[in-house]
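This report refers to the structure that appears directly beneath it.
Laboratory data are not the source of any read-out in this text; all were calculated from the coordinates shown. Just so you know, these numbers come straight off a predicted model, no measurement behind them. Every residue, glycine as well, gets a Cβ built from its backbone with ideal geometry; the counts of neighbours run over all protein chains shown.
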């Protein structure tokens, strides 16, 4: 964990900023050009990003060519020595290996790669069965807890320079505050974009970063970061394709039934999910335009990975808002989830948190959620049923045959009886049936999912008060954290004794 000799010499010679370093660097190049006759030495430039990599203390590469000659003249050491760990350098104040071990052991879908010698590295995030995975830059920072926030523990000028260099680029990055206590580590996460903006809460006047203690990395915050970063990066990768292929949705809306192949358009898992979900939402809204009866809904999501789009896709929020027209003092829409015990048992705790948050979002909209545990109902279509009249089929989760979605609308009596039977069985086998209101249903669901209700409501309350955007924010225009923020506050108001 020792820093490179080069980074220590910069600090000793007070050359830790790019502006200060470029003056002797350029002068040395010109001097060498005269001595050697190599005119290129006089024109060698140095970009800010390159300097930041060199000075971070953790860069594994080696400058070459004219740049190497200039550095060797400036510091009278070979570049191999300059960019190796300094023999007498003190250990890094942040135990990067311990952080990486803690994250990898607690969340198997995560790993942090922190090169020896510095605070910077990469956070690798992988999906389970549906999402593609992604990565982000990370910067470890030693912190101490002070009331409702954690603050850097006496950053040196060099450490502050390293932090400023990390925050400057516009790519996705996270500051990870590391608090060591009683032989253990607490980790706090803040998105670099939220930290770099002047005037934002958390950035002190002196430039030192503070992180709300609500951003403690646990199964709630990890689940949010895990899902949102994968959806966001996938949609950003597909942005042009989704924009240019919008006609696919409008074209298929005019058909009586449709199930286009995923091969029709080249998309990531996130992009395919968004297109399928967007089509199904519009299909259902269109088919229910003149409906007078109150529909009941069957939803195919069974894991946090499948359910996360409810929390982040903008059109999902609009869709739920539009369906509130069916609510009245005497009627309530019902939405059924099939959550087999085996699926619950094999899912990670953070995924179960995401699943509960998604269901809580619906309860907040006044939707009565039912949960059926029988696995034989796993393949029931996603459907909006108006009993005795019509069934609107809209599948985009686990669609057979590799289709983007499977949509239909039927009034056939046999189909209506089949769906009506499934809904009747859901009512008779609902694991939440003894709970008369939203708070009691969500608490019963928490027990079914093996989640601590007191911990969950307390953490939702603290995180909801600060908002998710400072923890991780979407960059895609197709995503929002508004629904999640409101759901966290909704759950946070439910006390642990309800």
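Using the beta-carbon distance between residue 257 and residue 452 and R0 = 45 Å, what value does 1/(1 + (r/R0)^6) give for FRET efficiency, to the nearest 0.05?
Numbers: r = 45 Å, r/R0 = 0.99.
FRET efficiency, residue 257 to residue 452: 0.50.
As an exercise, take the mean of 1/r over every pair of distinct alpha carbons in the chain, invert it, and state the Kirkwood radius in angstroms.
Numbers: mean 1/r = 0.0394 Å⁻¹.
Every distinct Cα pair counted, the radius reaches 25.4 Å.
If the convex hull of the alpha-carbon atoms of the range 263-408 is projected onto planes in all directions, what is the mean projected area in square nanometres? Numbers along the way, then the final one.
On the way: hull surface 36.5 nm².
The directionally averaged projection comes out at 9.1 nm².
What is the distance, in nm, between label points placed 7 Å from the Cα along the Cα-to-Cβ direction at residue 413 and at residue 168?
7.6
If you count the DSSP beta bridges with both ends in the chain, what percent of them are antiparallel, to the nearest 5?
Values: 42 of 57 bridges.
The antiparallel fraction comes to roughly 75 percent.
Take the alpha carbon atoms of the range 251-331, find their radius of gyration, then divide it by 2.2 N^0.38 Å using N residues; give the quotient. It would help to have the intermediate numbers written out before the result.
On the way: Rg = 14.3 Å, N = 81, 2.2 N^0.38 = 11.7 Å.
Dividing the Cα radius of gyration by 2.2 N^0.38 Å gives 1.23.
What is the range 437-498's relative contact order, in percent, from Cα pairs under 8 angstrom and six or more apart in sequence?
Details: 44 pairs, mean separation 28.0, N = 62.
For the range 437-498, the relative contact order is 45 percent.
If I model a spin label as a point 7 Å beyond the Cα along the Cα-Cβ vector, how far apart are those points for residue 292 and residue 493 in nm?
3.5
Evaluate Rg over Rh across the range 346-449, taking Cα atoms for both radii and Kirkwood's formula for Rh. Could the numbers behind the result be given before it?
On the way: Rg = 15.1 Å, Rh = 15.3 Å.
Radius of gyration over Kirkwood radius for the range 346-449 works out to 0.99.
If you bin the C-alpha pair distances of the range 203-275 every 5 Å from 0, what whole percents do you get?
Reading the bins upward from 0: 3, 13, 16, 14, 11, 11, 9, 8, 6, 4, 2, 1, 0.
Just to verify a number: FRET efficiency for residue 240 and residue 322, C-beta to C-beta distance, R0 = 25 Å, to 0.05?
0.30
Does a label point 7 Å from the Cα of residue 43, set along Cα-to-beta-carbon, have any residues of the range 16-35 with amide nitrogen under 18 Å, and which are they?
Only 26-35 pass the distance filter.
Take residue 429, project a point 7 Å from its Cα along the Cβ direction, then tell me which residues of the range 352-370 have their backbone nitrogen under 16 Å from it.
370
For the range 234-492, take every pair of Cα atoms, bin their distances at 5 Å starting from 0, and report each bin as a whole percent.
Result returned by the calculation: 1, 6, 13, 17, 20, 18, 14, 8, 4, 1, 0.
What area, in nm² and to one decimal, does the C-alpha convex hull of the range 375-432 cast on average over all directions? Don't skip to the end; give the middle numbers.
Values: hull surface 18.0 nm².
Mean projected area for the range 375-432: 4.5 nm², to one decimal.
For the range 5-82, what value does the Rg/Rh ratio take when both radii are computed over Cα atoms and Rh is the Kirkwood radius, given to two decimals?
Numbers: Rg = 11.8 Å, Rh = 12.6 Å.
When Rh is taken as the Kirkwood radius, the ratio is 0.93.
Quick one: which of 245-254, 351-360 comes out on top by average Cβ neighbours within 10 Å, and what's the full order, highest first?
Numbers: 245-254: 13.4, 351-360: 25.5.
The packing order, highest mean first, is 351-360, 245-254.
Per residue, how big is the convex hull around the C-alpha atoms of the range 410-498? Give it to me in cubic angstrom, could you? Display every interim value, and only then the final one.
Values: hull volume 13.2 nm³, N = 89.
Looking at the range 410-498, the number lands at 148 Å³ per residue.
Rg (Å, one decimal) plus Dmax (Å, integer) for the alpha carbons of the range 447-489?
When restricted to Cα atoms, the range 447-489 yields Rg and Dmax of 12.2, 36 Å.
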